[in-house]
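The values are calculated or read from the model by the stated rules, or taken from the named source; none is laboratory data. What you see is a predicted model, and the numbers here were worked out from it, not measured in a lab. Please note: Cβ atoms are built from the backbone with ideal geometry, for glycine as well, and neighbour counts cover all protein chains shown. Areas reflect the complete protein model, heavy atoms only, side chains present, ligands, DNA and RNA absent. Shrake-Rupley method; radii C 1.70, N 1.55, O 1.52, S 1.80 Å.
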Amino acid sequence: MAFMRNVNQGQRGHPSTSDILAGFADAGCSDARTFQSNGTIVFESDEPARVVELAAEAIGVRSGVERGIRWIGLTELAAIIDANGSTHDAHRIEFTLHGGGPIDGRSPDVVALAAEHRCSLVDTGPGWAVVRNDVDGEGHATPVLERLTGRRATSRGLPTIIRLVARFGE
């Protein structure tokens with residue numbers, strides 16, 4: 001699974017679906033598929049990090065729009081969803097991929113920063129976090145993780161991730 005940062009396919013100033021799929025084809029994944037219109041791409045590769053790197057470059061060249069792309073394996077994503085998906089307030093939960101290592105969600109500094117942004121880290125792992133927003137309709141995972149890691153991040157709502165795993169899971 002690949003998540004492009006800050007993409008709304010079909011909108012002016014964003015890569016198109018055809019640019020995204022062609023970029024993945026250029027990177028060796030001609031069977032890549034998009035999921036919804038938010039820059040979520042499903043692909044298979046033995047070298048996903050390399051594919052994502054090449055696809056990001058190709059998409060930038062094709063569309064004139066550069067966007068970061070993060071990736072996670074479907075098996076790992078499914079395990080994270082199994083551990084965090086059954087909650088009554090799924091609409092407040094975001095799954096975020098970021099460029100840093102594991103984050104201790106219980107660290108006082110992390111708790112304070114998240115509280116300042118009206119959210120909390122529910123679960124974390126290397127390069128990812130599950131974030132609960134305190135207020136309906138708000139999404140704070142991306143800016144919080146970017147501040148914590150100093151690197152770009154990209155988030156998807158938990159309901160989207162649950163649908164993604166249900167559709168493509170094994």
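Annotations
- Residues of the stretch 110-125 satisfying the condition of being in contact with a strand residue (DSSP E or B) (Cβ under 8 Å, 6 or more places away or on another chain) and in contact (Cβ under 8 Å) with a residue 12 or more places away in the chain: V110, A114, R118, C119, S120, L121, V122, D123, T124
- Scanning the stretch 134-147 for residues that are in contact with a helix residue (DSSP H, G or I) (Cβ under 7 Å, 6 or more places away or on another chain) and surrounded by fewer than 22 Cβ atoms within 10 Å (Cβ to Cβ) yields D136, R147.
- Residue in the stretch 78-109 that is surrounded by the fewest Cβ atoms within 10 Å (Cβ to Cβ), counting only those that are farther than 13 Å from A141 by Cβ, of a type in the set (A, V, I, L, M) and in contact with a strand residue (DSSP E or B) (Cβ under 9 Å, 6 or more places away or on another chain): A83
- Of the candidates L158, L121, L113, the single residue that is of a type in the set (A, V, I, L, M, F, W, C), closer than 30 Å to D46 by Cβ and open to solvent by less than 30 Å² (accessible area, probe 1.4 Å) is L158.
- Listed by position, the helices (runs of 4 or more DSSP H) contained in the stretch 1-87 that have at least 1 residues being within 22 Å of V130 (Cα to Cα) are 48-63, 74-84.
- Residue within the stretch 113-134 that is in a helix (DSSP H, G or I), over 24 Å from I20 (Cα atoms) and β-branched (V, I, T) present: no
- Residue list for the stretch 27-76, restricted to those being in contact (Cβ under 8 Å) with a residue 60 or more places away in the chain, polar (S, T, N, Q) and touching a Gly at 6+ places or on another chain (Cβ under 9 Å): T75
- Failed item in (1) acidic (D, E); (2) modelled with pLDDT under 95; (3) in a helix (DSSP H, G or I), with D109 passing the rest: (2)
- V131 open to solvent by 50 Å² or more (accessible area, probe 1.4 Å) and modelled with pLDDT of 95 or more: no
- Scanning the stretch 51-68 for residues that are open to solvent by 20 Å² or more (accessible area, probe 1.4 Å), under 17 Å from the mean Cα position of the chain (by Cα) and among the hydrophobic types (A, V, I, L, M, F, W, C) yields one hit, A56.
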